[in-house]
Amino acid sequence: MRNRISGIAVACSVAALLGATGTASALEIAMVHSNAAAQSDQRTKAGFEAWIEENGKTDWNVSYLDSGGSGEATASNIQDAASRGVDAIVMTMADLRASRAALDAAKAANIPVFAADSGYVEGIVVDVTTNNWAMSSDVSVYLLDQMGGEGNLVFFRMAEHHGTRKRGDVMASVLKEYPGVKVLAEHNIDYNAFFEDTSRTMEDYAARFGADIDAVWAPWDEPAQAVVNVLNAQGLTDVKVIGIDGHPQAVAEVCKPESQMIATVGQPFEKMGGQIAEWIQAIVVDGKPAAEVIPTKTVYMDAPLITKQNCQEFLQ
């Protein structure tokens, strides 16, 4: 088995997971995770597997490849799947800008590539996602309004993923309309160790700025939770924090009346995984033209703003 950086962290069969055996006509699928430690990847995988189980696809064999947050490893994993001659490749939360040659290899082998929240690039069939500009607009304006349009902000960004990059860019644009808000510090999160990096960085900011921090903008939920943990450890309770993704733990955190986390945005990752499985059935198994099945190269799903006022509706 290859090590985590070079590619395959887990290789297992969905048929085995469901207690069934494959057949000679089994469909071979490779799911390439940008970072299997991220809840977004895990939830998309769960939705994909749920669709397979609910529809009795016991002859679908899925191998899982973890890229560990590395664009280079993502490209290597796509190349690996293409060289194995799988029937379809599924990408989750990947930065595909460094994968041009690997995608070309998949195309040359007539292997369709489907993506979840990875940004559309030439060489894939479709990217199913949410509107990152809209999500950031919703939650960023909400945070700044909750600040009363003034105060000191810590701004965490992550430019290596299309979605978090877009969210950060929107926040930067919105900030121009809030001259009373000062950015105390800005940091680009290391995606290879996002929770640890956010925690270490926030500990430094808490030591440097202390009670001067009024709010923290985080590009997704797990860094937001890392920030909340640090704030609690430092006794900084009067700080407003937002995330994006709507993971169950984040929704529960928002629902705590005393928590610093005031909002997130609920992304339907399970639905993304299930939708890709449905497309694979229609296009790869049933042989329908992709243009007939999928309306556009990028398909957007709804993502509601979740605050302390409505969070009970989204608790799991």
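Where the alpha-carbon atoms of the chain are placed on the principal axes, they occupy 64, 37, 35 Å, in descending order.
Enter the accessible area per residue of the chain (Å², integer; probe 1.4 Å; all protein chains in place).
Details: 13070 Å² over 316 residues.
Value for the chain: 41 Å² per residue.
Give the range of the longest stretch in the chain that excludes all GluC sites (Glu not before Pro) found in loop regions by DSSP and having at most 14 other beta-carbon atoms within 10 Å.
On the way: sites that count: Glu122, Glu150, Glu177, Glu258.
The longest such stretch corresponds to 1-121.
In summary, the lysines within cross-link reach of Lys240, defined as a Cα separation below 28 angstrom excluding same-chain residues under 8 places away, comprise Lys166, Lys176, Lys182, Lys256, Lys308. Taking every alpha-carbon pair in segment 196-312 and binning the separations at 5 Å intervals from zero gives 2, 11, 18, 17, 12, 9, 8, 7, 6, 4, 3, 1, 0 percent. Two numbers describe the Cα atoms of segment 95-196: Rg and Dmax, which are 17.3, 56 Å.
Among the trypsin sites (Lys or Arg not before Pro) in segment 105-201, which ones are in a DSSP loop with at most 11 other Cβ atoms within 10 Å of the Cβ? Mind listing them?
Lys176
Normalised by residue count, segment 15-139 yields a Cα convex hull volume of 113 Å³ per residue. Amide H contacts for Val299 (H built 1.01 Å from N in the peptide plane; partners 5 or more residues away or on another chain; cut-off under 5 Å): Asp127, Val128, Thr129. The modelled label-to-label distance between Asp212 and Ser25, using points 7 Å beyond Cα along the C-beta direction, is 6.9 nm.
Once the C-beta distance of Gln316 and Ala101 is scaled by a Förster radius of 35 Å, the resulting FRET efficiency is 0.30 to the nearest 0.05. Segment Met301..Glu196, full-extension length gain: 34.8 nm, with 0.36 nm per residue of separation and the alpha-carbon distance subtracted. Every Cα-Cα pair in segment 123-255 was counted, and those over 19 Å apart are 47% of them. Distance between the C-alpha centres of segment 217-251 and segment 142-179: 15 Å, rounded to the whole angstrom. Were the residues from Lys182 through Asp238 laid out at 0.36 nm apart, the gain over their Cα-Cα distance would be 18.5 nm. Put a dot 7 Å past the Cα of Val293, heading toward its Cβ, do the same for Ala109, and the two dots end up 1.9 nm apart.
Expressed as a whole percent, the accessible area of segment 104-169 that falls on carbon and sulfur atoms is 46 (1.4 Å probe). Its DSSP H runs of at least 4 residues, each contributing -39,500 (n - 2.57), put the calculated 222 nm mean residue ellipticity of the chain at -12000 deg cm²/dmol, to the nearest 500.
The values are calculated or read from the model by the stated rules, or taken from the named source; none is laboratory data. This structure is a prediction, so every number in the text was calculated from the model and none was measured. Every residue, glycine among them, receives a Cβ derived from its backbone with ideal geometry; neighbour counts consider all protein chains shown. Surface areas here come from the heavy atoms of the whole protein model, side chains and all, with no ligands, DNA or RNA. Shrake-Rupley method; radii C 1.70, N 1.55, O 1.52, S 1.80 Å.
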